[in-house]
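The values are calculated or read from the model by the stated rules, or taken from the named source; none is laboratory data. Keep in mind that what you see is a predicted model, and the values were worked out from it rather than measured. Here the Cβ positions follow ideal geometry from the backbone for every residue, glycine too, while neighbour counts run over all protein chains shown.
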Amino acid sequence: MAKQSQMAEDKRWRSTTILSVRKGNTVVIAGDGQVTLGQTVMKANARKVRRLGKGDVIAGFAGATADAFTLFERLESKIEKHPGNLARACVELGKDWRTEKFLRRLEAMMVVADRQTSLVLSGSGDVVEPDDGVVGIGSGGTYALSAARALLEFDLSAEDIARRAMKIAADVCVYTNDNIVIESIALS
């Protein structure tokens, strides 16, 4: 039984570090490009961060790619229904994600941000706003989050913090690489 469990674990897709940093007059979401299956790197330059809505929302995902694209589409429709209210759009998506049979099977997490807020969304219906404006998800998320929090006190921009923290995560987590994509929104 333990051997079957280990084999299933080895075949799981592991694929992401996503980091969001809100500092000064900017919010950024950074994502690495690595996708792995078991011990094999399948792709090195996947794009896991994108703009949503009319470009005023940025989002990154960790998890199964097809699931994430489904969630991006659903979130975009919620943003259209609740323009300018990202928190409400995310709560509505969280409700659907938790209650709809089809969506409950999706395996992904998302980080979304606009000018006012940064949020983490999960399939359990969680919509969480970080206290310090920094959040990390995915395989290397805790490494990137820790590095970003340590860098917050220095005179660095949100983008510089994200790049340095993602580099640290890539140096520590075998499921993270340093092929980083960053999207940003100016807050002022």
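Looking at Leu19, is it touching a helix residue (DSSP H, G or I) at 6+ places or on another chain (Cβ under 8 Å), at pLDDT below 85 and within 21 Å of Tyr175 (Cα to Cα)? First the steps, then the outcome.
On the way: touching a helix residue (DSSP H, G or I) at 6+ places or on another chain (Cβ under 8 Å): yes; at pLDDT below 85: no; within 21 Å of Tyr175 (Cα to Cα): yes.
So Leu19 does not fit the description; no.
In this structure, is Phe72 closer than 21 Å to Gly125 by Cβ and in contact with a Ser or Thr (Cβ under 9 Å, 6 or more places away or on another chain)? Spell out the reasoning first.
Details: closer than 21 Å to Gly125 by Cβ: yes; in contact with a Ser or Thr (Cβ under 9 Å, 6 or more places away or on another chain): no.
No; evaluated as a whole, the condition is false for this residue.
Those residues that are closer than 17 Å to Ile182 by Cβ and exposed (fewer than 13 other Cβ atoms within 10 Å of the Cβ), I need them from segment 43-62; list them, please.
Taking segment 43-62 first, the residues closer than 17 Å to Ile182 by Cβ are 44-52, 55-62.
Of everything in segment 43-62, those that are closer than 17 Å to Ile182 by Cβ and exposed (fewer than 13 other Cβ atoms within 10 Å of the Cβ) turn out to be Asn45, Arg47, Gly55.
Which of (1) closer than 23 Å to Arg50 by Cα; (2) out of contact with any Leu (no Cβ under 6 Å at 6 or more places or on another chain); (3) among the β-branched types (Val, Ile, Thr) does Ile161 not meet, given it meets every other one?
If we test Ile161 against (1) closer than 23 Å to Arg50 by Cα; (2) out of contact with any Leu (no Cβ under 6 Å at 6 or more places or on another chain); (3) among the β-branched types (Val, Ile, Thr), just (2) comes out false.
Taking segment 113-138 only, how many residues are within 14 Å of the chain's Cα centre (by Cα), modelled with pLDDT of 90 or more, assigned to a loop (DSSP other than H, G, I, E, B) and of a type outside the set (Asp, Glu)?
Counting residues in segment 113-138 that are within 14 Å of the chain's Cα centre (by Cα), modelled with pLDDT of 90 or more, assigned to a loop (DSSP other than H, G, I, E, B) and of a type outside the set (Asp, Glu) gives 2.
Give me the pairs, please: first residue somewhere in segment 64-90 and touching a residue at least 12 places away in the same chain (Cβ under 8 Å), second residue anywhere and of a type in the set (Asp, Glu) and part of a helix (DSSP H, G or I), beta-carbon distance under 7 Å, and either six or more positions apart or on two chains.
Within 7 Å, the pairs are Arg74/Asp96; Lys78/Glu92.
Yes or no: segment 63-78 includes at least one residue that is over 17 Å from the mean Cα position of the chain (by Cα), surrounded by 16 or more Cβ atoms within 10 Å (Cβ to Cβ) and over 24 Å from Ile180 (Cα atoms).
First, the residues of segment 63-78 that are over 17 Å from the mean Cα position of the chain (by Cα): 77-78.
Those still in the list that are surrounded by 16 or more Cβ atoms within 10 Å (Cβ to Cβ) too: 78.
Adding the requirement that they be over 24 Å from Ile180 (Cα atoms) leaves 78.
Yes, that holds for at least one residue.
Given the structure, is Leu37 over 15 Å from the mean Cα position of the chain (by Cα), without any contact (Cβ under 8 Å) to a residue 40 or more places away in the chain and closer than 21 Å to Leu19 by Cα? Break it down stepwise before answering.
Working: over 15 Å from the mean Cα position of the chain (by Cα): yes; without any contact (Cβ under 8 Å) to a residue 40 or more places away in the chain: yes; closer than 21 Å to Leu19 by Cα: no.
In short, no.
One residue is enough: does segment 168-176 have a residue meeting the conditions touching a Leu at 6+ places or on another chain (Cβ under 7 Å), more than 30 Å from Thr99 (Cβ to Cβ) and buried (at least 19 other Cβ atoms within 10 Å of the Cβ)?
Checked segment 168-176: no residue is touching a Leu at 6+ places or on another chain (Cβ under 7 Å), more than 30 Å from Thr99 (Cβ to Cβ) and buried (at least 19 other Cβ atoms within 10 Å of the Cβ).
State yes or no: is Thr176 part of a helix (DSSP H, G or I), hydroxyl-bearing (Ser, Thr, Tyr) and modelled with pLDDT under 95?
The answer is no for Thr176.
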